[in-house]
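For reference, the structure discussed in these notes is given below.
The values are calculated or read from the model by the stated rules, or taken from the named source; none is laboratory data. The structure displayed is predicted, hence computed values, not measured ones. Methodologically, a virtual Cβ is constructed for each residue, glycine included, from the backbone with ideal geometry; neighbour enumeration extends over all protein chains shown. The area values use the complete protein model at the heavy-atom level, side chains included, leaving out ligands, DNA and RNA. Shrake-Rupley method; radii C 1.70, N 1.55, O 1.52, S 1.80 Å.
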Amino acid sequence: MLTQAPKGTRDILPQEVYKWQHVENIIKEICGNFGYSEIRIPVFEHTELFQRGVGDTTDIVQKEMYTFDDKGGRSITLRPEGTAGVVRSYIQNGMASLPQPVKLFYNITAYRYENVQKGRYREFNQFGAEAFGAEGPSIDVEIISIADLLFKKLGISNIRLNINSIGCPVCREKYGIVLKEYLEQKKEQLCSDCRVRLERNPLRVLDCKVKECNLATEGAPSMLDNLCEECGDHFEGLKGMLEKVGIDYAVDSRIVRGLDYYTKTVFEFVSENVGTQGTICGGGRYDGLVEACGGSVTPAVGFALGMERLIMEMDNQNASFPLPKGPELFVASIGSDADLFAQELVYQLRENGISAEKNHMGRSLKAQMKYADKCDAAFTVVIGENEILSNKAVLKNMETGEEKDVSLDSILERFKRAKSACKEGTA
Ligand code: ATP
Ligand code: MG
């Protein structure tokens with residue numbers, strides 16, 4: 001127990017974390033360009049928020065939440081997703097009085113008690129974006145474009161966008177009756193979960209992963225044929241704008257999303273490779289949620305994207321990540337005076353934004369050089385008694401093997417100059 005992390009959690013080790021940092025940097029850059037500001041929300045909230053915000057009939061609330069009473073007797077739940085917390089924050093912090101739309105993004109861990117498998121964990125990471133206050137399809141397209149551009153910038157392909165509309169409470173209720181009538185006839189073929197769904201939320205039968213349910217719903221009436229005029233226009237507007245900005249999509253009338261609070265637009269980005277855990281990103285419009293959580297009527301749209309599945313997909317597609325760099329300079333030393341000099345030099349280099357490393361292990365010179373090579377140092381310098389007395393040392397370029405005589409007190413300046421030249425070069 002002591003040396004095993006709980007099931008469904010995992011460490012992201014240094015040899016992998018650079019990939020995450022790369023993706024997170026691109027996310028920040030894209031969100032910046034789209035005008036989305038980062039929000040950081042608590043890991044836990046009142047259980048009621050998720051019951052209301054995620055929906056009582058969803059698998060998440062029914063089966064997957066980490067819920068416990070705290071020492072003060074409050075029922076607390078670890079966030080299973082980000083939207084409910086963001087909505088709570090929007091209301092609590094009076095963001096309705098800000099200029100609309102209010103555009104936010106988050107990078108969070110989320111917690112669900114799941115059957116652990118590849119791409120499915122109990123602690124996982126989501127990148128999400130939410131836009132509040134705008135009701136037309138143009139903001140839906142903006143939200144979809146963020147995810148689309150992220151895939152492009154990360155160099156991954158084979159990701160399909162599927163869209164659907166699940167209408168508004170008015171047309172959905174009518175459709176629910178039509179669908180229920182159809183499903184009643186197929187009841188014998190449905191799984192036990194879907195027989196309950198049939199009573200509580202018949203739309204959810206459409207996206208059941210059980211094969212028999214899939215077959216049973218093949219000829220089911222489509223929501224798209226039952227949209228009211230407003231919802232139909234919204235969907236047509238969405239499709240037109242996606243085409244205009246050049247984002248490929250397919251209409252899939254089975255997408256209803258697991259969460260109860262969606263209205264009109266729903267969408268998923270699905271990978272052709274990640275198998276049964278193929279949904280990398282899911283989202284849609286949730287015009288009823290802010291009100292359901294105690295705010296005023298506010299249209300809103302957003303998505304959540306699974307970071308583990310995204311990075312898995314990048315690995316599958318051999319996408320490139322910028323490799324982490326070793327120190328610019330490794331200062332090897334022989335003897336205690338030289339070690340002190342090395343300590344001072346690496347401090348000054350680091351103070352000037354130049355990565356530097358020294359010996360901390362009492363290694364022999366040979367072992368220090370081996371270590372410098374292992375940690376991929378760009379340059380090394382060896383300092384001993386003679387070097388200190390003569391103020392001279394040999395600077396070695398580890399890549400080319402080239403050696404240069406330099407004075408000790410010029411080393412810092414040399415690296416500072418190289419750094420600013422490099423900066424200018426990239427500017
Ligand atoms: P799924 O159908 O795979 O269970 P979901 O509908 O429960 O997904 P959402 O609640 O929409 O997923 O969450 C958005 C994204 O978060 C998913 O598309 C997926 O990439 C990721 N995700 C969801 N649950 C997990 C999990 N347990 N482990 C890793 N990633 C997850
Ligand atoms: Mg799920």
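Return yes when residue 80 is open to solvent by less than 50 Å² (accessible area, probe 1.4 Å) and touching a strand residue (DSSP E or B) at 6+ places or on another chain (Cβ under 7 Å) and no when it is not.
Here the answer is yes, as residue 80 does meet what is asked.
Counting residues that are in the same structural domain as residue 43 (by TED's automatic domain parsing) and within 17 Å of the chain's Cα centre (by Cα), which strands (runs of 3 or more DSSP E) fully inside segment 56-167 reach at least 3?
Here the list reads 102-111, 123-132.
Of these, 266, 256, which one is out of contact with any helix residue (DSSP H, G or I) (no Cβ under 8 Å at 6 or more places or on another chain) and outside any helix (DSSP H, G or I)?
Going through 266, 256 in turn, just one is out of contact with any helix residue (DSSP H, G or I) (no Cβ under 8 Å at 6 or more places or on another chain) and outside any helix (DSSP H, G or I): 266.
What number of residues within segment 262-313 satisfy the criterion of being closer than 21 Å to residue 26 by Cβ and more than 14 Å from ligand 1 (Cβ to nearest atom)?
Matching residues across segment 262-313 total 0.
Does residue 173 qualify as being charged (D, E, K, R), in the same structural domain as residue 113 (by TED's automatic domain parsing) and open to solvent by 60 Å² or more (accessible area, probe 1.4 Å)? Lay out the reasoning, then the answer.
Working: charged (D, E, K, R): yes; in the same structural domain as residue 113 (by TED's automatic domain parsing): no; open to solvent by 60 Å² or more (accessible area, probe 1.4 Å): yes.
Taking the combined requirement at face value, the residue does not satisfy it.
When only residues in segment 42-55 that are assigned to a loop (DSSP other than H, G, I, E, B) and surrounded by fewer than 17 Cβ atoms within 10 Å (Cβ to Cβ) count, which is nearest to ligand 1 (Cβ to nearest atom)?
Per the criteria, the residue is 43.
Any idea which of 164, 125 is under 30 Å from residue 321 (Cβ atoms) and not hydrophobic (A, V, I, L, M, F, W, C)?
Checking each option against the conditions leaves just 125.
Looking at segment 335-350, I want the residues that are on the phi > 0 side of the Ramachandran plot and have a partner that is in a helix (DSSP H, G or I) and open to solvent by 90 Å² or more (accessible area, probe 1.4 Å) with Cβ atoms under 8 Å, at least 6 apart or on another chain. Which pairs are those?
Cβ pairs passing all conditions: 335/385.
Please go through segment 303-345 and give me each residue that is more than 30 Å from residue 143 (Cβ to Cβ) and part of a strand (DSSP E or B), ordered by number. Spell out the reasoning first.
Our first condition is that a residue be more than 30 Å from residue 143 (Cβ to Cβ); within segment 303-345, this holds for 323-345.
The answer is 329, 330, 331, 332, 333.
Can you tell which of 37, 75, 89 is more than 29 Å from residue 207 (Cα to Cα), among the small types (Gly, Ala, Ser), in contact with a Lys or Arg (Cβ under 8 Å, 6 or more places away or on another chain) and in contact (Cβ under 8 Å) with a residue 12 or more places away in the chain?
37
Could you tell me which residue of segment 346-391 is surrounded by the fewest Cβ atoms within 10 Å (Cβ to Cβ), considering only residues that are over 39 Å from the mean Cα position of the chain (by Cα) and not in a helix (DSSP H, G or I)?
Taking the candidates together, the pick is 362.
Quick check on my filter: what residues within segment 56-73 are away from ligand 1 (no atom under 15 Å from the Cβ) and either among the small types (Gly, Ala, Ser) or in contact with a strand residue (DSSP E or B) (Cβ under 7 Å, 6 or more places away or on another chain) (or both)?
Within segment 56-73, 67, 68, 69, 70, 72, 73 qualify.
So that you can scan it fast, the table gives a plain yes or no per residue for (1) open to solvent by 30 Å² or more (accessible area, probe 1.4 Å); (2) in the same structural domain as residue 145 (by TED's automatic domain parsing); (3) over 30 Å from residue 97 (Cα atoms):
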position: 268; (1), (2), (3): yes, yes, yes
position: 289; (1), (2), (3): no, yes, no
position: 301; (1), (2), (3): no, yes, no
position: 311; (1), (2), (3): no, yes, yes
position: 324; (1), (2), (3): yes, no, yes
position: 333; (1), (2), (3): no, no, yes
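Checking the conditions here, which among 122, 195 is within 16 Å of ligand 2 (Cβ to nearest atom) and among the basic types (Lys, Arg)?
One residue alone meets the criteria, 122.
Looking only at segment 13-41, which residues are surrounded by 12 or more Cβ atoms within 10 Å (Cβ to Cβ), away from ligand 1 (no atom under 16 Å from the Cβ) and not in a helix (DSSP H, G or I)?
36, 38, 39, listed by residue number.
Any idea which residue in segment 83-121 is surrounded by the most Cβ atoms within 10 Å (Cβ to Cβ), counting only those that are among the aliphatic types (A, V, I, L, M) and more than 22 Å from residue 146 (Cβ to Cβ)?
So, considering only residues that are among the aliphatic types (A, V, I, L, M) and more than 22 Å from residue 146 (Cβ to Cβ), the one surrounded by the most Cβ atoms within 10 Å (Cβ to Cβ) is 91.
Just to be sure I understand the filter: pairs with C-beta atoms under 9 Å, separated by 6 or more residues or on different chains, first member in segment 402-418 and touching a residue at least 40 places away in the same chain (Cβ under 8 Å), second member open to solvent by 70 Å² or more (accessible area, probe 1.4 Å). Which pairs pass?
From segment 402-418, the pairs are 408/392.
Quickly run through segment 392-427 and pick out the residues that are at negative phi, not acidic (Asp, Glu) and not in a helix (DSSP H, G or I).
392, 393, 394, 395, 396, 397, 398, 400, 404, 406, 407, 427
If residue 193 satisfies all but one of (1) open to solvent by less than 50 Å² (accessible area, probe 1.4 Å); (2) outside the structural domain of residue 285 (by TED's automatic domain parsing), what's the number of the condition it fails?
Unmet for residue 193, out of (1) open to solvent by less than 50 Å² (accessible area, probe 1.4 Å); (2) outside the structural domain of residue 285 (by TED's automatic domain parsing): (1).
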